Each structure stands twice: as C-alpha cells, then as structure tokens.
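As structure tokens, the structure follows; a few thoughts come after it.
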Amino acid sequence: MEGTVVRVAAISGSLRRASANTGLIRAAAEICRESIPGLQLDHIDISALPLLNTDLEVDGGFPPAVEAFREKVSAADCFLFASPEYNYSISGPLKNALDWASRPPNCWGDRAAAILSASGGSGGSRSQYHIRQVGVGLDIHFINKPEMFTKAHQPPNKFDDDGNLIDPETKEQLRKLLLSLQAFTLSLQGKPANSQQQGIN
Ligand SMILES: Cc1cc2nc3c(=O)[nH]c(=O)nc-3n(C[C@H](O)[C@H](O)[C@H](O)COP(=O)(O)O)c2cc1C
C-alpha cells in the first residue's frame with residue numbers, strides 16, 4: 001500500500017568525527033529522501049550512552065541518555081546498523097548500545113534490520129556475522145541479502161576526508177539494501193510492498 005511509512009533507526013558503531021560508517025548512514029538518509037518513498041531514516045547517536053553498568057539502573061529506571069535511546073529504539077519499525085569491524089568483531093560502542101536497549105523490557109524485539117560495514121581489508125564481514133549472532137538473543141530479524149561489505153580504505157576512494165560517501169557503486173548497493181530492508185519490514189508487519197519494492201533481490 002502506497003503511503004505506509006517505515007521508520008528506520010540507524011546506528012553507527014563508530015564515534016569518529018569523519019567515520020565512514022556514519023557517512024554511510026548520511027548517504028542512506030539522502031537516498032531515502034530522494035528516491036525511496038515511504039522509508040524514513042533517522043540517525044540515532046549513541047555517543048552519549050554511558051558504558052553499561054547495571055548499578056546505574058535505579059528502581060527500574062535508566063540514566064536519561066539511556067532512557068532516550070531506548071525510547072528511540074522502541075519507536076522504530078526497523079534498524080540499520082553501520083559499524084566498523086574492530087579486531088574481528090563488533091565495535092565496543094555498538095555492543096554497548098545493543099546491551100543497554102536489551103535490558104528488560106527488551107526494546108529490539110521482533111523488528112527487521114540490515115547491516116552495513118565500512119572497514120579494513122575484510123570489509124567488516126566478521127563483525128556483521130557477530131552482530132547477527134547477538135541479534136538472535138535480541139529477537140532481531142535480519143535481511144539475508146544483499147550483503148554489503150565496504151572496504152573503506154582501498155581504491156577507488158569511496159569517502160572524502162569528512163567521511164561522506166562519494167562512490168556511485170557503493171551508493172547503488174546501499175539503495176538496493178534499503179529497498180530490501182523496506183520490503184522485509186513491511187512483510188514482517190503483514191503489510192503489502194509497494195510497486196518499487198517488488199522484484200528486488
Ligand atoms: C581497534 C581497531 C581494530 C580494527 N580491526 C579491524 C578488523 O579486525 N578488520 C577490519 O577490516 N578492519 C579493522 N579496523 C579498521 C576499521 O574497521 C576501519 O578503519 C574503519 O574504517 C573504521 O570505521 P569508521 O571509519 O567508521 O570510524 C580496526 C580499527 C581499529 C581502530
């Protein structure tokens with residue numbers, strides 16, 4: 001049905017100013033605005049979250065930054081994780097965010113998600129499969145394809161010095177991944193895909 005708005009909460013696993021992963025999220029937001037009707041993407045900043053410590057939970061309440069983050073996660077229809085691989089695994093900031101919003105009641109459950117990674121030589125594949133593993137416990141349902149592994153530091157240049165995505169091929173991969181996320185989210189919600197979402201792979 002035309003007109004159904006799917007809200008994507010996009011989370012970058014890098015806190016770096018010129019992060020390529022945060023750049024992928026900015027590019028994804030622009031692609032949604034310009035060419036994917038019905039997909040609204042908001043970047044959820046995780047830099048203010050304290051390191052997980054359950055002593056900070058008082059009478060079932062969370063610190064204000066955690067509470068605000070949990071509300072944004074709960075309000076989303078689906079998630080986009082864009083994260084570097086650090087030492088063959090998930091970035092610490094992203095794992096911290098996943099853990100905070102998993103505290104009861106779990107805020108992630110029964111929603112669709114897609115993963116991006118701009119990383120070194122592996123393109124981040126090992127981190128992506130670890131994110132999928134964590135998502136099993138959180139009841140997140142990941143799209144299987146397309147997979148997207150961006151080798152951020154290999155030619156041709158894909159990002160400028162501020163981390164903005166400048167590579168047309170990567171933008172096209174990103175557009176296909178976003179269409180897949182939109183279609184899978186609507187299907188999980190029992191809503192029909194619109195005409196643009198049909199026939200993608
Ligand atoms: C502590 C650390 C560990 C890293 N480990 C890996 C790794 O295991 N595999 C990989 O492909 N890149 C690795 N990298 C490279 C980063 O993934 C890469 O620089 C990425 O672009 C950083 O993301 P950002 O640009 O969004 O900040 C590592 C970087 C750091 C700082």
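The values are calculated or read from the model by the stated rules, or taken from the named source; none is laboratory data. This is a predicted model, so every value here is computed, not measured. FYI the Cβ positions are ideal-geometry reconstructions off the backbone, even for glycines, and counts take in every protein chain you see. Surface areas here come from the heavy atoms of the whole protein model, side chains and all, with no ligands, DNA or RNA. Shrake-Rupley method; radii C 1.70, N 1.55, O 1.52, S 1.80 Å.
Quick notes
- Selection count where residues are open to solvent by 80 Å² or more (accessible area, probe 1.4 Å), closer than 20 Å to residue 78 by Cβ and either in contact with a helix residue (DSSP H, G or I) (Cβ under 8 Å, 6 or more places away or on another chain) or near the ligand (Cβ under 10 Å from one of its atoms) (or both), scope segment 120-170: 2
- Entry remark, segment 62-96: residues being open to solvent by less than 50 Å² (accessible area, probe 1.4 Å), assigned to a helix (DSSP H, G or I) and either away from the ligand (no atom under 16 Å from the Cβ) or touching a strand residue (DSSP E or B) at 6+ places or on another chain (Cβ under 6 Å) (or both) number 6 in total.
- Pairing each residue of segment 3-20 that is modelled with pLDDT under 95 with any residue that is among the aliphatic types (A, V, I, L, M), provided the two are 6+ apart or on different chains, yields C-beta distances under 9 Å for 4/186.
- Residue 18 touching a Phe, Trp or Tyr at 6+ places or on another chain (Cβ under 9 Å), open to solvent by 40 Å² or more (accessible area, probe 1.4 Å) and of a type in the set (A, V, I, L, M, F, W, C): no
- Pairs meeting the criteria (first residue in segment 90-105 and over 13 Å from residue 45 (Cβ atoms), second residue polar (S, T, N, Q) and in a loop (DSSP other than H, G, I, E, B), beta carbons under 9 Å, at least 6 apart or on different chains) are 90/83; 91/14; 91/83.
- In summary, residue 47 fulfils each of the numbered conditions (1) of a type in the set (Ser, Thr, Tyr); (2) more than 18 Å from the chain's Cα centre (by Cα); (3) open to solvent by 60 Å² or more (accessible area, probe 1.4 Å) with the single exception of condition (2).
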